[in-house]
1. Among the residues of the range 121-136, count how many are among the basic types (Lys, Arg) and assigned to a loop (DSSP other than H, G, I, E, B).
2. Mind checking which residues of the range 217-262 are under 20 Å from MET149 (Cα atoms), acidic (Asp, Glu) and under 17 Å from the mean Cα position of the chain (by Cα)?
3. Please enumerate the residues belonging to the range 173-230 that are at positive phi and touching a residue at least 12 places away in the same chain (Cβ under 8 Å).
4. Considering only helices (runs of 4 or more DSSP H) fully contained in the range 149-229, which possess at least 3 residues that are surrounded by 14 or more Cβ atoms within 10 Å (Cβ to Cβ) and outside the structural domain of PRO134 (by TED's automatic domain parsing)?
5. For PRO107, which of the numbered conditions (1) surrounded by 15 or more Cβ atoms within 10 Å (Cβ to Cβ); (2) closer than 19 Å to VAL7 by Cα; (3) more than 16 Å from the chain's Cα centre (by Cα) fails to hold?
6. Kindly evaluate LEU263 against the criterion of being touching a Lys or Arg at 6+ places or on another chain (Cβ under 8 Å), under 14 Å from PRO196 (Cβ atoms) and crowded, with 21+ Cβ neighbours inside 10 Å.
7. Among the candidates VAL35, VAL77, VAL55, which residue alone is surrounded by fewer than 17 Cβ atoms within 10 Å (Cβ to Cβ), under 17 Å from VAL148 (Cα atoms), of a type outside the set (Lys, Arg) and not assigned by TED's automatic domain parsing to the domain that holds GLY237?
8. Out of the strands (runs of 3 or more DSSP E) lying entirely within the range 1-97, which hold 2 or more residues that are closer than 24 Å to HIS108 by Cβ and out of contact with any Asp or Glu (no Cβ under 9 Å at 6 or more places or on another chain)?
Amino acid sequence: MMAIQSVGVIGAGQMGNGIAHVFALAGYDVLLTDVSEEAMKKALATVTKNLDRQVKGEKITEADKAATLGRIRTTLVLAELGQCDLVIEAATEKEAVKQAIFAELQPHLKPETILTSNTSSISITRMASRTDRPEKFMGFHFMNPVPVMQLVELIRGIATDQETYQTLVEVVERIGKTSATSEDFPAFIVNRVLIPMINEAVYTLYEGVGSVNSIDQSMRLGANWPMGPLELGDFIGLDTCLAIMNVLHDGLADTKYRPCPLLVKYVEAGWLGRKSGRGFYDYSGESPVPTR
């Protein structure tokens, strides 16, 4: 199997900075890229803050923190990631954007480089087929927040070879996480179950069955969820939730996956959740306040 030493991460947002964090902490050399220099500065600040939290919790030492930060480099030049052993795309959840990234990077890749996508729902087989290495292409889906969440979904495309799959199983073990293998069907395992539950909670609000507070409180106290489904939707991003529902609805052609019209309206309004400051809750004050 291929020995992975260097990892390229495409996208310095919420997922990308977390992925860079866990790989650097596990001893990998990480090259992080984004189209924005500001985004990369913000990512490094977030990684530093999260490492500080781990030091405070006595999970790592100050020396571990320093070594981790020393393993992360940034670049605005996507082509520079071509020399990495493993590339993880963590850009926005839009297939056209992902395909454009892979097309630009492909001429610069080493023959043995493994390509992966952190997509939460898009067909791995389809994305792989448009590259020069479908046998070395996989879905590598981390959960948010990456430094905290234990699971990584591994999704094999129809052409993914056994060596690539086994290499990534071992990589997941080395970064101290647990892998679950999913077949390449819309939204895989976690989001196939989770996002329709959030969508159903939005329908419950839309139909006036309960208020934001009563729905979230019911699921926190009645089903022992750590956070309510509407609060969780805001945390994930309502645009992401809608995108996944659309993938499920289009890919499986089943009306049970129809996105709730209220979810669509919130996204159209730009009320995307925590990242925009407003979703099912308003985050502008000291504590979140329901918007309905």
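1. Number satisfying all stated conditions: 2.
2. ASP234
3. The first filter runs over the range 173-230 and keeps only residues at positive phi, leaving 176, 187-188, 208, 224.
Across the range 173-230, the qualifying residues are GLY176, ALA187, PHE188.
4. Qualifying helices (runs of 4 or more DSSP H): 190-206, 212-222.
5. Answer for PRO107: the failing condition is (1).
6. Taking the combined requirement at face value, the residue does not satisfy it.
7. VAL55
8. Strands (runs of 3 or more DSSP E) meeting the threshold: 29-33, 86-89.
The values are calculated or read from the model by the stated rules, or taken from the named source; none is laboratory data. Keep in mind it's a predicted model, so treat the numbers as computed, not measured. Positions of Cβ are generated from backbone atoms using ideal geometry, with glycine treated the same way; all protein chains shown enter the neighbour counts.
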